[in-house]
Amino acid sequence: MKYKVILFDADDTLFDFQKAEVVAFENTVKAFGMDYEASYHYEMYHQINTQIWHEFEKGMITQEKLKVERFRRFCEQAQIAVNAKDFAKSYMEHLGQCSFLLEGAYGLVERLSQTHILGIITNGLTMVQEERIKKSKIAKFFKTIVISESIGISKPDPKIFEHTLQQLDVFEKKSVLMIGDSLTSDIKGGINFGIDTCWYNPKGIVNHTDIIATYEIEKFESIHEQITHL
């Protein structure tokens with residue numbers, strides 16, 4: 001068996017973050033007494049949020065500022081007279097309550113935990129991920145769950161991978177595989193650190209970047225079979 005340690009990204013790799021985001025955002029908007037229209041409110045927020053996380057990965061904004069800034073931009077664009085800090089706090093509380101696993105995630109992790117050391121590395125906010133991930137039913141299968149905000153380092157910085165392996169008492173990089181859906185954080189981060197990577201690409205997106213994973217997998221249910229044969 002080539003790999004002893006499997007590191008997973010969390011959102012959109014094991015957890016259905018889009019579903020969680022949709023539910024949490026709708027509940028937040030309604031909590032402020034506003035009429036909610038997904039095609040307007042959520043689509044606007046989703047575009048803003050995607051952009052600001054890209055800015056974060058590039059080091060253009062801090063995670064602390066990101067928490068509120070995305071909602072300041074949303075309220076400004078939607079012309080909503082709501083305090084962005086209050087909106088952000090409510091949203092994170094609602095998001096923390098939304099923990100939805102992708103189909104097949106539990107079975108995959110359960111099987112791999114019998115033969116591998118497992119860890120999670122997530123570029124998330126502590127308040128949210130503590131609730132969504134550490135209290136989920138798959139948390140017990142992971143030896144460590146590293147949340148970027150908690151340690152002040154985020155993917156693709158190789159230091160977050162170094163920190164994770166220290167938590168696992170693992171020092172051989174060749175025995176580690178990183179699995180994630182994001183080329184710019186999961187795969188680039190793994191490459192920066194010098195470990196093998198597996199790009200989980202269920203939508204069959206064409207990679208037009210120079211970030212090349214060691215492996216690419218489209219079907220979630222085939223991950224266990226392919227890993228155990230590596």
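The values are calculated or read from the model by the stated rules, or taken from the named source; none is laboratory data. Predicted model, so just to flag it, every value in this text is computed and none were measured. Methodologically, a virtual Cβ is constructed for each residue, glycine included, from the backbone with ideal geometry; neighbour enumeration extends over all protein chains shown. The protein model used for the area step is the full one, side chains on, heavy atoms only, and it has no ligands, DNA or RNA in it. Shrake-Rupley method; radii C 1.70, N 1.55, O 1.52, S 1.80 Å.
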Original post:
Any residue at all in region 128-140 that is at pLDDT 95 or above, touching a Gly at 6+ places or on another chain (Cβ under 8 Å) and open to solvent by less than 20 Å² (accessible area, probe 1.4 Å)?
Top reply: no
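Let's see how each residue does on (1) of a type outside the set (D, E, K, R); (2) farther than 24 Å from Ser222 by Cβ; (3) surrounded by fewer than 17 Cβ atoms within 10 Å (Cβ to Cβ); (4) at pLDDT below 95:
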position: Gln63; (1), (2), (3), (4): yes, yes, yes, yes
position: Leu66; (1), (2), (3), (4): yes, yes, no, yes
position: Ala81; (1), (2), (3), (4): yes, yes, yes, yes
position: Asp86; (1), (2), (3), (4): no, yes, yes, no
position: Leu95; (1), (2), (3), (4): yes, yes, no, yes
position: Gly107; (1), (2), (3), (4): yes, no, yes, yes
position: Leu112; (1), (2), (3), (4): yes, no, no, yes
position: Asn123; (1), (2), (3), (4): yes, yes, no, yes
Original post:
In region 130-153, what residues are assigned to a helix (DSSP H, G or I) and touching a helix residue (DSSP H, G or I) at 6+ places or on another chain (Cβ under 8 Å)?
Top reply: Glu130, Glu131, Arg132, Phe141, Ser148, Glu149, Ser150, Ile151
**OP:** Give region 104-118 a look and list any residue that's part of a loop (DSSP other than H, G, I, E, B) and either farther than 14 Å from Ala139 by Cα or not small (Gly, Ala, Ser) (or both), or say none.
**Re:** Gly104, Gln114, Thr115, His116
